[in-house]
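So the structure is just underneath, and the comments pick up after that.
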Amino acid sequence: MLKLLGKIGLLVCALAAGAVWLVILRLKNVPVPLLVAYGLVLGVFVVAMAWPGVLGRLSTRRRVAAFAGIPAGLGTLGLYLAVVYHVTDLPVLPALAAVACLAWAVAALLRGRRTAGDPGARRTRRAFLLGGAGLVLGVMSGLSVSRVEGRRREVLAGLERQRQAAVRAAGTRKRVADGAVRVFPIHTGDTIVTYGQFYGGLDGWEGLNGYVRTLVDKAQIAVPVHAYLIDHPRHGLLLVDTGVNSEQAWDHDGYYDMTSRLLTERDEYRMTPEQDLRVQLARLGYDAEEISTVFLTHVHDDHAGGLRHLPRATVVMDRRDWEHGVLYPHSFELVKDNLSFPAFDSGPFGPFPAGQDHFGDGSVILLPTPGHSPGHMCVLLRLDTGGVLFMGDTLYTLPHLAVDQVRQMTIGGADTVRQIGAARRIQKMLASDPGVVPLFAHDNTRYQSELVASAFADGTPGEEGLRALRAHMDTVLTPGWRLRPGHAPHFVPPAAGTARGRVEFR
Ligand SMILES: [Zn+2]
(Lines give C-alpha, C1' and ligand atoms only; values in the text may rest on other atoms or scores of the structure.)
Protein backbone atom coordinates (compact mmCIF):
# COMPACT_ATOMS: atom_id res chain seq x y z
CA MET A 1 0.00 0.00 0.00
CA LEU A 2 2.77 2.43 0.99
CA LYS A 3 4.70 1.48 -2.14
CA LEU A 4 1.64 2.23 -4.28
CA LEU A 5 1.14 5.60 -2.58
CA GLY A 6 4.81 6.41 -3.06
CA LYS A 7 4.56 5.50 -6.73
CA ILE A 8 1.48 7.70 -7.18
CA GLY A 9 3.20 10.57 -5.36
CA LEU A 10 6.26 10.39 -7.56
CA LEU A 11 4.09 10.13 -10.70
CA VAL A 12 2.30 13.33 -9.65
CA CYS A 13 5.66 15.02 -9.11
CA ALA A 14 6.88 13.97 -12.55
CA LEU A 15 3.66 15.17 -14.18
CA ALA A 16 3.70 18.45 -12.30
CA ALA A 17 7.36 19.18 -13.14
CA GLY A 18 6.74 18.36 -16.79
CA ALA A 19 3.50 20.34 -17.01
CA VAL A 20 4.93 23.42 -15.29
CA TRP A 21 7.80 23.48 -17.74
CA LEU A 22 5.45 23.01 -20.68
CA VAL A 23 3.49 26.07 -19.57
CA ILE A 24 6.63 28.17 -18.95
CA LEU A 25 8.12 27.20 -22.28
CA ARG A 26 4.88 28.04 -24.07
CA LEU A 27 4.78 31.43 -22.37
CA LYS A 28 8.29 32.13 -23.57
CA ASN A 29 7.21 31.36 -27.14
CA VAL A 30 9.35 28.23 -27.51
CA PRO A 31 8.43 26.68 -30.90
CA VAL A 32 5.58 24.16 -30.87
CA PRO A 33 7.59 21.19 -32.33
CA LEU A 34 9.96 21.42 -29.36
CA LEU A 35 7.03 21.43 -26.98
CA VAL A 36 5.48 18.39 -28.70
CA ALA A 37 8.81 16.53 -28.43
CA TYR A 38 9.07 17.45 -24.75
CA GLY A 39 5.44 16.39 -24.16
CA LEU A 40 6.13 13.01 -25.83
CA VAL A 41 9.17 12.38 -23.64
CA LEU A 42 7.07 13.23 -20.63
CA GLY A 43 4.29 10.87 -21.79
CA VAL A 44 6.70 7.97 -22.36
CA PHE A 45 8.13 8.36 -18.88
CA VAL A 46 4.72 8.45 -17.28
CA VAL A 47 3.48 5.36 -19.16
CA ALA A 48 6.69 3.51 -18.34
CA MET A 49 6.36 4.29 -14.67
CA ALA A 50 2.69 3.42 -14.43
CA TRP A 51 3.02 0.14 -16.35
CA PRO A 52 2.94 -2.81 -13.92
CA GLY A 53 6.11 -4.81 -13.99
CA VAL A 54 8.25 -2.04 -15.46
CA LEU A 55 11.25 -1.53 -13.22
CA GLY A 56 10.08 -4.68 -11.45
CA ARG A 57 13.46 -6.34 -11.57
CA LEU A 58 15.32 -3.42 -10.02
CA SER A 59 16.33 -3.35 -6.39
CA THR A 60 14.37 -0.97 -4.12
CA ARG A 61 17.28 1.44 -3.92
CA ARG A 62 17.56 1.69 -7.70
CA ARG A 63 13.81 1.97 -8.08
CA VAL A 64 13.74 4.95 -5.72
CA ALA A 65 16.66 6.49 -7.61
CA ALA A 66 14.82 6.00 -10.91
CA PHE A 67 11.60 7.53 -9.60
CA ALA A 68 13.37 10.53 -8.11
CA GLY A 69 15.57 10.90 -11.15
CA ILE A 70 12.73 11.14 -13.64
CA PRO A 71 11.08 14.35 -12.37
CA ALA A 72 14.54 15.82 -11.84
CA GLY A 73 15.50 14.87 -15.39
CA LEU A 74 12.32 16.34 -16.86
CA GLY A 75 12.78 19.54 -14.92
CA THR A 76 16.39 19.85 -16.07
CA LEU A 77 15.41 19.16 -19.67
CA GLY A 78 12.76 21.89 -19.48
CA LEU A 79 15.20 24.30 -17.88
CA TYR A 80 17.74 23.48 -20.55
CA LEU A 81 15.21 24.18 -23.31
CA ALA A 82 14.17 27.46 -21.72
CA VAL A 83 17.72 28.65 -21.07
CA VAL A 84 19.23 27.56 -24.38
CA TYR A 85 16.30 29.00 -26.27
CA HIS A 86 16.88 32.35 -24.64
CA VAL A 87 20.59 32.43 -25.27
CA THR A 88 20.46 31.63 -28.97
CA ASP A 89 17.77 31.36 -31.56
CA LEU A 90 17.42 27.85 -32.90
CA PRO A 91 20.49 25.71 -32.21
CA VAL A 92 18.40 24.07 -29.51
CA LEU A 93 17.64 20.88 -31.41
CA PRO A 94 21.19 19.87 -32.39
CA ALA A 95 22.46 20.88 -28.93
CA LEU A 96 19.78 18.83 -27.24
CA ALA A 97 20.45 15.83 -29.50
CA ALA A 98 24.21 16.14 -28.87
CA VAL A 99 23.75 16.11 -25.11
CA ALA A 100 21.37 13.12 -25.32
CA CYS A 101 23.80 11.16 -27.55
CA LEU A 102 26.78 11.85 -25.33
CA ALA A 103 24.91 10.91 -22.16
CA TRP A 104 23.69 7.73 -23.80
CA ALA A 105 27.21 6.92 -25.01
CA VAL A 106 28.64 7.31 -21.50
CA ALA A 107 25.90 5.07 -20.05
CA ALA A 108 26.50 2.43 -22.74
CA LEU A 109 30.25 2.55 -22.15
CA LEU A 110 29.89 2.09 -18.40
CA ARG A 111 27.48 -0.84 -18.81
CA GLY A 112 29.71 -2.40 -21.50
CA ARG A 113 32.69 -2.34 -19.18
CA ARG A 114 30.83 -4.02 -16.42
CA THR A 115 29.52 -6.87 -18.58
CA ALA A 116 31.98 -9.51 -19.70
CA GLY A 117 31.95 -11.19 -23.11
CA ASP A 118 30.48 -10.35 -26.52
CA PRO A 119 27.46 -8.27 -25.51
CA GLY A 120 29.91 -5.99 -23.71
CA ALA A 121 32.01 -5.43 -26.82
CA ARG A 122 28.88 -4.67 -28.83
CA ARG A 123 27.86 -2.11 -26.24
CA THR A 124 31.28 -0.51 -26.35
CA ARG A 125 31.05 -0.18 -30.16
CA ARG A 126 27.61 1.35 -29.82
CA ALA A 127 28.92 3.76 -27.20
CA PHE A 128 31.65 4.99 -29.54
CA LEU A 129 29.19 5.43 -32.43
CA LEU A 130 26.81 7.40 -30.21
CA GLY A 131 29.67 9.48 -28.86
CA GLY A 132 30.79 10.31 -32.42
CA ALA A 133 27.28 11.32 -33.40
CA GLY A 134 27.05 13.47 -30.26
CA LEU A 135 30.30 15.25 -31.11
CA VAL A 136 29.16 15.97 -34.69
CA LEU A 137 25.85 17.37 -33.43
CA GLY A 138 27.70 19.40 -30.81
CA VAL A 139 29.95 20.97 -33.46
CA MET A 140 26.85 21.74 -35.58
CA SER A 141 25.15 23.47 -32.70
CA GLY A 142 28.33 25.39 -31.87
CA LEU A 143 28.57 26.60 -35.47
CA SER A 144 24.96 27.72 -35.52
CA VAL A 145 25.38 29.52 -32.18
CA SER A 146 28.31 31.47 -33.57
CA ARG A 147 26.37 32.29 -36.76
CA VAL A 148 23.46 33.64 -34.72
CA GLU A 149 25.90 35.58 -32.53
CA GLY A 150 27.72 36.99 -35.58
CA ARG A 151 24.44 38.11 -37.09
CA ARG A 152 23.44 39.77 -33.79
CA ARG A 153 26.68 41.77 -33.70
CA GLU A 154 26.28 42.77 -37.34
CA VAL A 155 22.75 44.11 -36.83
CA LEU A 156 23.85 45.96 -33.71
CA ALA A 157 26.85 47.56 -35.41
CA GLY A 158 24.63 48.66 -38.32
CA LEU A 159 22.12 50.31 -35.99
CA GLU A 160 24.91 52.01 -34.04
CA ARG A 161 26.33 53.45 -37.28
CA GLN A 162 22.87 54.81 -38.14
CA ARG A 163 22.58 56.34 -34.67
CA GLN A 164 25.95 58.07 -34.94
CA ALA A 165 25.03 59.39 -38.38
CA ALA A 166 21.78 60.74 -36.90
CA VAL A 167 23.74 62.58 -34.16
CA ARG A 168 26.04 64.13 -36.77
CA ALA A 169 23.08 65.11 -38.94
CA ALA A 170 21.33 66.82 -36.00
CA GLY A 171 23.06 69.80 -34.37
CA THR A 172 21.34 72.49 -36.45
CA ARG A 173 18.86 73.83 -33.92
CA LYS A 174 20.04 76.85 -31.98
CA ARG A 175 19.13 77.10 -28.33
CA VAL A 176 17.06 80.06 -27.26
CA ALA A 177 18.22 81.65 -23.99
CA ASP A 178 15.43 84.11 -23.21
CA GLY A 179 15.08 83.21 -19.55
CA ALA A 180 12.03 80.99 -20.12
CA VAL A 181 11.76 77.46 -18.75
CA ARG A 182 11.54 75.00 -21.64
CA VAL A 183 10.10 71.49 -21.57
CA PHE A 184 10.60 69.01 -24.40
CA PRO A 185 8.86 65.63 -24.57
CA ILE A 186 11.34 62.98 -25.77
CA HIS A 187 9.82 59.85 -27.27
CA THR A 188 12.40 57.08 -26.74
CA GLY A 189 10.74 54.24 -28.62
CA ASP A 190 7.80 52.06 -27.69
CA THR A 191 7.18 49.25 -25.25
CA ILE A 192 4.95 46.27 -25.93
CA VAL A 193 2.48 45.62 -23.12
CA THR A 194 -0.67 43.59 -22.71
CA TYR A 195 -3.84 45.63 -23.02
CA GLY A 196 -4.91 44.45 -19.56
CA GLN A 197 -1.67 45.60 -17.92
CA PHE A 198 -2.46 49.08 -19.22
CA TYR A 199 -6.23 49.28 -18.91
CA GLY A 200 -7.45 46.12 -17.11
CA GLY A 201 -6.97 46.98 -13.39
CA LEU A 202 -10.71 46.81 -12.78
CA ASP A 203 -11.12 43.58 -14.79
CA GLY A 204 -9.07 41.35 -12.53
CA TRP A 205 -5.58 42.52 -13.50
CA GLU A 206 -4.34 42.76 -9.95
CA GLY A 207 -1.67 41.06 -7.86
CA LEU A 208 -0.34 37.63 -8.83
CA ASN A 209 -3.31 37.04 -11.10
CA GLY A 210 -2.41 40.18 -13.06
CA TYR A 211 1.24 39.19 -13.30
CA VAL A 212 0.42 35.71 -14.65
CA ARG A 213 -1.96 37.28 -17.15
CA THR A 214 0.77 39.60 -18.45
CA LEU A 215 2.71 36.45 -19.34
CA VAL A 216 -0.18 34.50 -20.86
CA ASP A 217 -2.36 37.14 -22.50
CA LYS A 218 -1.53 37.76 -26.12
CA ALA A 219 -3.76 40.85 -26.44
CA GLN A 220 -0.84 43.23 -26.84
CA ILE A 221 -0.46 46.90 -27.72
CA ALA A 222 2.52 49.18 -28.27
CA VAL A 223 2.71 52.29 -26.09
CA PRO A 224 5.26 55.12 -26.27
CA VAL A 225 8.01 55.63 -23.67
CA HIS A 226 8.55 59.30 -22.86
CA ALA A 227 11.26 61.16 -21.01
CA TYR A 228 11.09 64.95 -20.56
CA LEU A 229 13.93 67.43 -20.90
CA ILE A 230 13.72 70.64 -18.86
CA ASP A 231 15.98 73.55 -19.83
CA HIS A 232 15.84 75.72 -16.73
CA PRO A 233 17.44 79.20 -16.68
CA ARG A 234 18.44 78.84 -13.00
CA HIS A 235 18.96 75.11 -12.58
CA GLY A 236 20.43 73.99 -15.87
CA LEU A 237 19.48 70.93 -17.86
CA LEU A 238 17.24 68.45 -16.09
CA LEU A 239 15.57 65.24 -17.17
CA VAL A 240 12.44 63.63 -15.80
CA ASP A 241 12.99 59.91 -16.47
CA THR A 242 15.36 58.75 -19.18
CA GLY A 243 13.39 56.30 -21.32
CA VAL A 244 14.93 53.16 -22.78
CA ASN A 245 18.44 52.93 -24.18
CA SER A 246 19.21 51.52 -27.61
CA GLU A 247 20.90 48.38 -26.29
CA GLN A 248 17.78 47.41 -24.36
CA ALA A 249 15.75 47.70 -27.52
CA TRP A 250 18.17 46.24 -30.08
CA ASP A 251 20.16 43.73 -28.07
CA HIS A 252 17.82 42.32 -25.45
CA ASP A 253 19.82 39.09 -25.13
CA GLY A 254 23.11 40.93 -24.79
CA TYR A 255 21.82 43.54 -22.33
CA TYR A 256 19.87 41.46 -19.83
CA ASP A 257 21.15 38.60 -17.73
CA MET A 258 19.66 35.13 -17.88
CA THR A 259 17.01 35.63 -15.18
CA SER A 260 15.83 38.91 -16.66
CA ARG A 261 15.61 37.27 -20.06
CA LEU A 262 13.36 34.54 -18.71
CA LEU A 263 11.10 37.18 -17.14
CA THR A 264 10.87 39.54 -20.11
CA GLU A 265 10.00 39.31 -23.77
CA ARG A 266 12.70 39.66 -26.39
CA ASP A 267 10.78 42.29 -28.33
CA GLU A 268 9.71 44.25 -25.25
CA TYR A 269 11.08 47.54 -26.63
CA ARG A 270 11.18 49.01 -30.10
CA MET A 271 13.35 51.94 -31.04
CA THR A 272 14.62 53.50 -34.26
CA PRO A 273 18.15 54.97 -34.30
CA GLU A 274 16.58 58.47 -34.45
CA GLN A 275 14.66 57.82 -31.20
CA ASP A 276 17.84 57.34 -29.19
CA LEU A 277 18.04 59.84 -26.31
CA ARG A 278 21.45 61.18 -27.44
CA VAL A 279 20.18 61.79 -30.98
CA GLN A 280 17.11 63.64 -29.75
CA LEU A 281 19.13 65.79 -27.34
CA ALA A 282 21.50 66.67 -30.19
CA ARG A 283 18.55 67.62 -32.38
CA LEU A 284 17.35 70.04 -29.71
CA GLY A 285 20.84 71.54 -29.52
CA TYR A 286 21.93 69.82 -26.29
CA ASP A 287 24.47 67.23 -25.27
CA ALA A 288 23.83 64.31 -22.89
CA GLU A 289 26.93 65.36 -20.91
CA GLU A 290 25.25 68.64 -19.96
CA ILE A 291 22.39 67.01 -18.07
CA SER A 292 23.04 67.84 -14.42
CA THR A 293 20.07 66.22 -12.67
CA VAL A 294 17.74 63.35 -13.48
CA PHE A 295 14.49 63.06 -11.55
CA LEU A 296 13.64 59.39 -11.76
CA THR A 297 9.92 58.90 -11.08
CA HIS A 298 10.66 55.22 -10.33
CA VAL A 299 13.21 52.48 -10.93
CA HIS A 300 11.51 50.51 -13.70
CA ASP A 301 13.75 49.79 -16.63
CA ASP A 302 11.73 51.70 -19.22
CA HIS A 303 12.45 54.86 -17.18
CA ALA A 304 16.01 54.14 -16.07
CA GLY A 305 17.53 52.76 -19.31
CA GLY A 306 18.83 56.15 -20.50
CA LEU A 307 20.98 56.43 -17.33
CA ARG A 308 23.57 54.44 -19.31
CA HIS A 309 24.15 57.63 -21.33
CA LEU A 310 24.28 60.00 -18.33
CA PRO A 311 27.11 58.85 -16.07
CA ARG A 312 27.72 62.41 -14.74
CA ALA A 313 24.20 63.36 -13.76
CA THR A 314 22.92 63.32 -10.19
CA VAL A 315 20.03 60.89 -10.06
CA VAL A 316 17.27 61.95 -7.67
CA MET A 317 14.94 59.14 -6.68
CA ASP A 318 12.96 57.87 -3.70
CA ARG A 319 15.12 55.76 -1.40
CA ARG A 320 12.35 53.13 -1.09
CA ASP A 321 12.58 52.39 -4.80
CA TRP A 322 16.36 52.00 -4.65
CA GLU A 323 16.13 49.67 -1.65
CA HIS A 324 13.12 47.59 -2.68
CA GLY A 325 12.34 48.11 -6.33
CA VAL A 326 15.44 47.57 -8.48
CA LEU A 327 14.80 44.58 -10.73
CA TYR A 328 17.38 45.36 -13.40
CA PRO A 329 20.48 46.84 -11.71
CA HIS A 330 22.46 46.92 -14.97
CA SER A 331 20.86 50.22 -16.04
CA PHE A 332 22.12 51.85 -12.80
CA GLU A 333 25.69 50.56 -12.93
CA LEU A 334 27.25 53.83 -14.11
CA VAL A 335 25.28 56.11 -11.75
CA LYS A 336 25.04 54.13 -8.54
CA ASP A 337 27.48 56.51 -6.82
CA ASN A 338 25.55 59.60 -8.00
CA LEU A 339 22.24 58.83 -6.34
CA SER A 340 20.49 61.41 -4.18
CA PHE A 341 17.50 60.53 -2.03
CA PRO A 342 15.05 63.30 -1.13
CA ALA A 343 14.01 63.53 2.52
CA PHE A 344 10.48 64.74 1.65
CA ASP A 345 10.63 67.13 4.60
CA SER A 346 9.57 70.40 2.94
CA GLY A 347 6.09 70.16 4.46
CA PRO A 348 2.72 69.45 2.87
CA PHE A 349 1.95 70.48 -0.74
CA GLY A 350 -1.75 70.84 -1.45
CA PRO A 351 -3.35 67.42 -1.01
CA PHE A 352 0.06 65.77 -0.49
CA PRO A 353 1.01 65.41 3.19
CA ALA A 354 4.73 65.63 2.31
CA GLY A 355 6.91 66.78 -0.53
CA GLN A 356 10.39 67.96 -1.41
CA ASP A 357 11.11 71.44 -2.71
CA HIS A 358 14.18 70.25 -4.57
CA PHE A 359 15.95 73.56 -5.29
CA GLY A 360 14.43 75.41 -2.34
CA ASP A 361 12.81 78.03 -4.58
CA GLY A 362 9.51 76.27 -5.29
CA SER A 363 10.45 75.58 -8.93
CA VAL A 364 10.56 71.77 -8.72
CA ILE A 365 8.51 69.87 -6.14
CA LEU A 366 8.86 66.11 -5.71
CA LEU A 367 5.67 64.40 -4.57
CA PRO A 368 5.63 60.83 -3.23
CA THR A 369 3.06 58.69 -5.09
CA PRO A 370 3.90 55.09 -4.08
CA GLY A 371 1.85 52.21 -5.46
CA HIS A 372 3.12 51.49 -8.96
CA SER A 373 6.47 50.88 -7.24
CA PRO A 374 7.41 51.22 -3.54
CA GLY A 375 8.93 54.69 -3.99
CA HIS A 376 7.23 56.15 -7.03
CA MET A 377 7.20 59.96 -7.13
CA CYS A 378 5.64 62.61 -9.36
CA VAL A 379 7.44 65.83 -10.25
CA LEU A 380 5.76 69.23 -10.29
CA LEU A 381 7.51 71.93 -12.33
CA ARG A 382 6.38 75.51 -11.79
CA LEU A 383 6.25 77.80 -14.85
CA ASP A 384 5.36 81.51 -14.95
CA THR A 385 2.29 80.51 -16.91
CA GLY A 386 1.21 77.60 -14.70
CA GLY A 387 2.81 74.26 -14.11
CA VAL A 388 3.52 70.78 -15.42
CA LEU A 389 2.90 67.64 -13.39
CA PHE A 390 5.06 64.75 -14.59
CA MET A 391 3.05 61.64 -13.77
CA GLY A 392 5.59 58.89 -14.35
CA ASP A 393 3.54 55.70 -14.21
CA THR A 394 1.12 56.73 -11.44
CA LEU A 395 -1.48 57.20 -14.16
CA TYR A 396 -0.90 56.28 -17.81
CA THR A 397 -3.36 58.53 -19.67
CA LEU A 398 -6.11 61.12 -19.12
CA PRO A 399 -8.83 58.40 -18.98
CA HIS A 400 -6.85 56.83 -16.10
CA LEU A 401 -7.70 59.95 -14.05
CA ALA A 402 -11.22 58.42 -13.91
CA VAL A 403 -9.71 55.94 -11.49
CA ASP A 404 -13.07 54.30 -10.64
CA GLN A 405 -13.67 53.43 -14.30
CA VAL A 406 -10.24 52.90 -15.87
CA ARG A 407 -7.31 51.50 -13.98
CA GLN A 408 -3.90 50.08 -14.85
CA MET A 409 -2.82 46.71 -13.44
CA THR A 410 -1.94 47.09 -9.74
CA ILE A 411 0.28 45.08 -7.41
CA GLY A 412 -2.62 44.23 -5.09
CA GLY A 413 -3.18 44.63 -1.35
CA ALA A 414 -1.73 47.73 0.31
CA ASP A 415 0.07 48.78 -2.90
CA THR A 416 -3.23 49.02 -4.78
CA VAL A 417 -4.65 51.14 -1.95
CA ARG A 418 -1.58 53.44 -2.10
CA GLN A 419 -1.87 53.70 -5.87
CA ILE A 420 -5.54 54.75 -5.67
CA GLY A 421 -4.67 57.20 -2.90
CA ALA A 422 -1.99 58.78 -5.10
CA ALA A 423 -4.46 59.06 -7.99
CA ARG A 424 -7.00 60.84 -5.76
CA ARG A 425 -4.37 63.33 -4.56
CA ILE A 426 -3.45 64.07 -8.15
CA GLN A 427 -7.15 64.61 -8.97
CA LYS A 428 -7.36 67.11 -6.10
CA MET A 429 -4.19 68.92 -7.14
CA LEU A 430 -5.36 69.29 -10.75
CA ALA A 431 -8.83 70.40 -9.62
CA SER A 432 -7.41 73.07 -7.31
CA ASP A 433 -4.93 74.46 -9.87
CA PRO A 434 -6.32 74.84 -13.40
CA GLY A 435 -2.95 76.17 -14.60
CA VAL A 436 -1.28 72.76 -14.14
CA VAL A 437 -1.23 70.18 -16.95
CA PRO A 438 -0.38 66.49 -16.55
CA LEU A 439 2.32 64.90 -18.74
CA PHE A 440 2.50 61.12 -18.88
CA ALA A 441 5.28 58.62 -19.57
CA HIS A 442 3.27 56.20 -21.72
CA ASP A 443 0.29 58.16 -23.03
CA ASN A 444 -0.92 56.41 -26.19
CA THR A 445 -3.83 58.80 -26.81
CA ARG A 446 -4.36 61.91 -28.95
CA TYR A 447 -3.59 64.09 -25.92
CA GLN A 448 0.10 63.20 -26.19
CA SER A 449 0.54 62.60 -29.91
CA GLU A 450 -1.30 65.75 -31.05
CA LEU A 451 -1.97 68.25 -28.26
CA VAL A 452 1.12 67.91 -26.07
CA ALA A 453 3.34 67.48 -29.13
CA SER A 454 2.12 70.75 -30.65
CA ALA A 455 1.86 72.75 -27.41
CA PHE A 456 5.45 71.85 -26.44
CA ALA A 457 6.89 71.93 -29.98
CA ASP A 458 9.27 74.80 -29.12
CA GLY A 459 9.41 73.92 -25.43
CA THR A 460 7.29 76.80 -24.12
CA PRO A 461 3.54 76.18 -24.15
CA GLY A 462 2.54 79.62 -22.79
CA GLU A 463 -0.72 80.29 -21.00
CA GLU A 464 -2.80 79.66 -24.10
CA GLY A 465 -1.14 76.33 -24.80
CA LEU A 466 -1.68 75.13 -21.23
CA ARG A 467 -5.32 76.26 -21.41
CA ALA A 468 -5.82 74.25 -24.61
CA LEU A 469 -4.50 71.12 -22.88
CA ARG A 470 -6.79 71.63 -19.89
CA ALA A 471 -9.72 72.30 -22.25
CA HIS A 472 -9.06 68.95 -23.90
CA MET A 473 -8.91 67.33 -20.47
CA ASP A 474 -12.40 68.69 -19.79
CA THR A 475 -13.71 67.01 -22.95
CA VAL A 476 -12.48 63.63 -21.64
CA LEU A 477 -13.41 63.93 -17.94
CA THR A 478 -16.24 65.40 -15.90
CA PRO A 479 -15.46 67.63 -12.88
CA GLY A 480 -16.33 64.56 -10.73
CA TRP A 481 -13.53 62.56 -12.47
CA ARG A 482 -15.82 60.33 -14.54
CA LEU A 483 -15.28 59.59 -18.24
CA ARG A 484 -17.42 61.54 -20.67
CA PRO A 485 -19.11 59.43 -23.38
CA GLY A 486 -16.77 58.36 -26.18
CA HIS A 487 -13.66 58.04 -24.01
CA ALA A 488 -13.82 54.49 -22.62
CA PRO A 489 -10.90 52.36 -23.87
CA HIS A 490 -11.52 49.14 -25.82
CA PHE A 491 -9.06 46.62 -27.23
CA VAL A 492 -9.15 46.17 -31.00
CA PRO A 493 -7.54 42.83 -31.98
CA PRO A 494 -4.74 42.94 -34.56
CA ALA A 495 -5.82 43.13 -38.19
CA ALA A 496 -4.67 40.33 -40.50
CA GLY A 497 -0.92 40.55 -41.08
CA THR A 498 -0.21 42.76 -38.06
CA ALA A 499 1.25 41.51 -34.81
CA ARG A 500 -0.45 43.80 -32.30
CA GLY A 501 -3.82 45.22 -31.50
CA ARG A 502 -4.66 48.82 -30.75
CA VAL A 503 -6.84 50.82 -28.40
CA GLU A 504 -9.98 52.56 -29.49
CA PHE A 505 -11.89 55.05 -27.35
CA ARG A 506 -15.66 54.93 -27.68
ZN1 LIG B 1 6.82 52.76 -17.34
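The values are calculated or read from the model by the stated rules, or taken from the named source; none is laboratory data. Nothing here was measured: the structure is a model prediction, and the numbers come from that model. Don't worry about glycine lacking a Cβ; one is built from the backbone with ideal geometry, like all the others, and counts go over all protein chains shown. Please note that ligands, DNA and RNA were not included when accessible areas were found on the heavy atoms of the full protein model with its side chains. Shrake-Rupley method; radii C 1.70, N 1.55, O 1.52, S 1.80 Å.
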Extended-chain gain in nm, criterion 0.36 nm per residue less alpha-carbon gap, ARG500 and ARG61: 152.6 nm
Set of aspartates and glutamates with alpha-carbon distance to LYS218 below 15 Å, sequence-local pairs under 8 removed: GLU265, ASP267, GLU268
Phi to ³J(HN,Hα) by Karplus 6.51 cos²θ - 1.76 cosθ + 1.60 over region 136-148, Hz, x for Gly, Pro: 4, 4, x, 4, 4, 5, x, 4, 6, 4, 5, 5, 4
Residues whose placed amide H lies under 5 Å from that of ARG502, excluding near-sequence neighbours: VAL492
Stretch gain in nm, segment HIS235-PHE341, where the contour uses 0.36 nm per residue and the Cα spacing is subtracted: 36.4 nm
Rounded accessible area of ILE291 (nearest 10 Å², 1.4 Å probe): 0 Å²
Cα centroid separation, region 279-313 to region 405-429 (Å): 28 Å
Inter-probe distance in nm under a simple model that places probes 7 Å from Cα toward Cβ, at ARG175 and ALA219: 4.7 nm
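Given 0.36 nm per residue, what is the gain on full extension from MET140 to GLU463 after removing their alpha carbon distance, in nm?
109.6 nm
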GLN164 paired with LEU4, simple spin-label distance in nm, labels 7 Å along Cα-to-beta-carbon: 7.4 nm
